[in-house]
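The structure appears below as C-alpha cells.
Please treat every number below as a calculation from the coordinates, not as lab data. Since we're looking at a predicted model, the values are computed, not measured. Positions of Cβ are backbone-derived with ideal geometry, glycine not excepted, and every protein chain shown enters the neighbour counts.
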Amino acid sequence: MKKLLFLIACGLLVLPAVAQRVTECALTPLQNLIVNARGAEEVQALISRGVVFDEQVRCGGSLMQLAVRRGNPDVLEAIVRQDPNRVNTQAVLDAFPIAGAPKQIPLILFAAYYAPNKQIMDLLVAAGANIAATDDYGRNILWYLNKNPVLRNTALQDELNNKLLYGMVAAQAQDQAGVQNRLPQAQPVAQAQPVPQQAQPAVAKPAEPVPADNLVAE
C-alpha cells in the first residue's frame, strides 16, 4: 500500500513537468500553418502580409525544418524564395533528435535525414545548398542520407555521390592551378642575336699578261 501511494505521489510530481514540457514545445499558430499548408498559395498569402519565416520552434528548430519534414515542395519553395540564404542555415536538433549527431548541423544534412521525398532535396540543392557541408564530426550528406529509410539506396544517393566526387576533383584541379600560379615563373632565355659579318676588303686582281702577238716592236 505504501509503495502504491509512493508511485502515485511520484506521478503527481512528474505529470506537471511533462505537461509544461509539452506546452513549451507546442507549435505557434504560424508554425501550425506551415505544417498544415496544402500549397504555396497559403504561404504567399502570409508573405504578402509581411510575415518573415525566421520564427524559431519553441523546443528548438526553425520553420525551414518544419517545412522540410512536412515534405511539401511548394510550401518549402515559397519560403526559400523569400530568402534563398535560408538553405545554408544551421538546423537545431533539440526538437528533432538525430542519434549520434551534434546539436546543430547544416540544413541540407537535416534534410538528408528527414526529407520524406526527393523533391525536397532537389529544391534545396537547386537553391544553392552546399552539398559538401559537414557536421562538427566531419560527417557529410551521404552519412545522413544513409539513415533516411525513404531516400537511402536510391538514385539520389548516386547523384550526390557523383557531385561530391566531381566537386573534389574540381577543387583539387583548382588548388593545383593556384599553386602553379604562385610559383615563380621562369624567365625566357634570350636568343643570341646573329653577329653581323664585317665586309671583307676588296683584293685587287693581278693584271692579266698581254699576249705576245699584241706586242708592237719598236
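Shape analysis of the stretch 20-167 yields a ratio of the Cα radius of gyration to the Kirkwood radius, Rg/Rh, of 0.96.
Summing charges over all other residues whose Cβ lies under 11 Å from the Cβ of LEU123, with Lys and Arg as +1 and Asp and Glu as -1, gives -1. Each other residue within a Cβ distance under 14 Å of ASP135 adds +1 if Lys or Arg and -1 if Asp or Glu, for a net charge of +2.
Under a 5 Å amide H cut-off, with hydrogens placed 1.01 Å from N, SER62 pairs with VAL57, VAL92 among residues at least 5 apart or on other chains. Electrostatic tally near ASN32: other residues with Cβ closer than 15 Å to its Cβ, Lys and Arg +1, Asp and Glu -1, net +2.
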